[in-house]
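Only one structure is covered here, and it is reproduced in the block below.
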Amino acid sequence: MHKIRPHVNCTSKNMKNGTPRPANVRSARARKTNFKVASDGRASRTYFPFRYKAYLDAEISRSDKFSGCGASPSFSLRPNMMKEETARDNTNNSESEKTPQVANDPPEEDIVDPWLVQASSNKGIDYDKLIVKFGSERIDDALLHRFEKVTGHKPHHFLRRGIFFSHRELQKILTLVENGTKFFLYTGRGPSSEAMHLGHLVPFLMTKWLQDVFDVPLVIQMTDDEKFLWRDLDLEDTYRLAYENAKDIIAVGFDINKTFIFSDLDFVNGEFYKNVLRVQKHVTFNQVKGIFGFDESSNIGKIMFPAIQAVPSFSSSFPFIFGDKKDVPCLIPCAIDQDPYFRMTRDVAPKLGFLKPALIHSTFFPALQGANSKMSASDENSSIFLTDTPKQITKKINKYAFSGGKDTEEEHREKGGDCEIDVSYMYLSFFLEDDEELEKIRVQYSSGKMLTGELKARLIEILQELVGGHQERRAAVTDDDVKQFMKRRSLNF
Ligand code: TYM
């Protein structure tokens, strides 16, 4: 494990300008070039600094048990796997958040699944490889151009910057839109902790933007059952957390007339449960073993759970929204860790006469400590939480955000900082919307004109505004609002 010296802002000549970088991280630099913003504001599709790497070793969860469990920690196809899928899974990790973990004994290949993200190399997850292994497709320039043409909207900066980097059948959704056919959005949250972190916000921000652009209904699943089965939490806890987290989700700004949020513990019955049973009948234990790595010691709740995350993809699970329409297409925004669920879903859908859901996948928001470090709900200094005060944000960024700056101001001025490994720069790439300003920061920081302290000061401003705004909106969400969002009802469709 690397020892990371806390960063000291570079404000005077003899002060250190950056946190020392582990050798493994340093070597990652050669691999990528920075992304460029063209005059039309679109990022070029060459490389985004952390598009394929950094934050991944950063986000990793859990328990050592996982790493050591029976299933192979590789992506290699196993004979019993379903067509579209490849991944593996953990079985016994009971208490972990999907948190970064330093791999003392790294796996032979990267592991990315709903419970664990672990890089085989200290350079982090190789997203290029992941696309090949998972069999998804890159969101490339051509697709973004088409997106813009069809919607009349410049793609969201998450798309332009390669933060949402991969997809399944997004073209089909665009074709439907061209033909005037409606679809719906589906995403979710596993309510395992009181406070969500900035990473959790990423798919919800994307989903909100998509809802605005396409003007379509949205269903949001709160998997309180999943977190009960996997974590050391009782049902009362996860159910309560589902409602608490729903407030954060509502605070993102979803349209109440087009959004239905549900807790599995409340909602799994009727047509939804019938679809769960249909999926269960068409997926074997061998198949979920192949996809998720379950084994004979896995509790049987885990073995059946994937069917519950699968069926919100089918419009017939929500008759009060879609009436008797069984063929309303679905688009799922999520980070790529959730893909195994939907590979299974896409394999089983045609057997049931349902449409396969389309997906867009994001990379992972990194831990403050950067590559090879942990972002953990149990370590409050590993990330920025939506409950953090302005003071906490300042302290965390100044003290813990891994720096690509040099050790002294003199050296930094001469050689410049490294945006590819600089967590503050990565965070800006997620949350500073202005392409021009971001590019200016990149150029100035890389050339040594901008110091780490200045970079961090801008990030602190942005995050205080983001988190402060979120907290204000959340405080305004009443129990009655939550009830309304979670009520079975017809949506504007
Ligand atoms: P959960 O609660 O682990 O995560 C909620 C959403 O956040 C994404 N995510 C991240 N995105 C970027 N950076 C990160 N560091 C990061 N960590 C988590 C997840 O991919 C997810 O989109 N089983 C699911 C709940 C669920 C769901 C769904 C998610 C049910 N149905 C449909 C997506 C789509 C879960 O536990 O998510």
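Of all residues in the range 182-210, those satisfying the criterion of being more than 7 Å from the ligand (Cβ to nearest atom), closer than 17 Å to residue 254 by Cβ and assigned to a helix (DSSP H, G or I) are 201, 204, 205, 206, 207, 208, 209, 210. The residue that is nearest to residue 351 (Cα to Cα), among those in the range 291-315 that are buried (at least 24 other Cβ atoms within 10 Å of the Cβ) and out of contact with any helix residue (DSSP H, G or I) (no Cβ under 7 Å at 6 or more places or on another chain), is 312.
Results for (1) more than 20 Å from residue 389 (Cα to Cα); (2) among the charged types (D, E, K, R), shown as yes or no for each residue.
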| position | (1), (2) |
| --- | --- |
| 420 | yes, yes |
| 424 | no, no |
| 434 | yes, yes |
| 437 | yes, yes |
| 442 | yes, yes |
| 450 | yes, no |
| 461 | no, yes |
| 468 | no, no |
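The residues listed here are 356, 399, 302; of these, the one that is in contact (Cβ under 8 Å) with a residue 24 or more places away in the chain, charged (D, E, K, R), more than 30 Å from residue 472 (Cα to Cα) and part of a helix (DSSP H, G or I) is 302.
Count of the range 211-253 residues, restricted to those that are within 9 Å of the ligand (Cβ to nearest atom) and among the charged types (D, E, K, R), is 2.
Beta carbons closer than 8 Å, at least 6 apart along the sequence or on distinct chains, pair a first residue in the range 309-337 that is free of Cβ contacts under 8 Å to residues at least 60 places away in the same chain with a second that is near the ligand (Cβ under 9 Å from one of its atoms) for 310/341; 310/342. When the range 445-470 is filtered for residues that are surrounded by fewer than 16 Cβ atoms within 10 Å (Cβ to Cβ) and in contact (Cβ under 8 Å) with a residue 40 or more places away in the chain, only 468 remains. What about residue 310, is it more than 16 Å from the chain's Cα centre (by Cα) and either part of a loop (DSSP other than H, G, I, E, B) or within 13 Å of the ligand (Cβ to nearest atom) (or both)? Yes, satisfied. Does residue 172 meet the test of being closer than 24 Å to residue 132 by Cα, more than 12 Å from the ligand (Cβ to nearest atom) and surrounded by fewer than 19 Cβ atoms within 10 Å (Cβ to Cβ)? When the stated conditions are applied, residue 172 passes them. When the range 235-267 is limited to residues that are under 25 Å from the mean Cα position of the chain (by Cα) and part of a loop (DSSP other than H, G, I, E, B), the one that is surrounded by the most Cβ atoms within 10 Å (Cβ to Cβ) turns out to be 254.
When the range 316-337 is filtered for residues that are surrounded by 22 or more Cβ atoms within 10 Å (Cβ to Cβ) and touching a Leu at 6+ places or on another chain (Cβ under 8 Å), the ones remaining, listed by number, are 330, 331, 332, 333, 334, 336.
Just so you know, all these numbers are worked out from the coordinates, no wet-lab data involved. What you are looking at is a predicted structure, and each value in this text was computed from that prediction instead of being measured. Every residue, glycine as well, gets a Cβ built from its backbone with ideal geometry; the counts of neighbours run over all protein chains shown.
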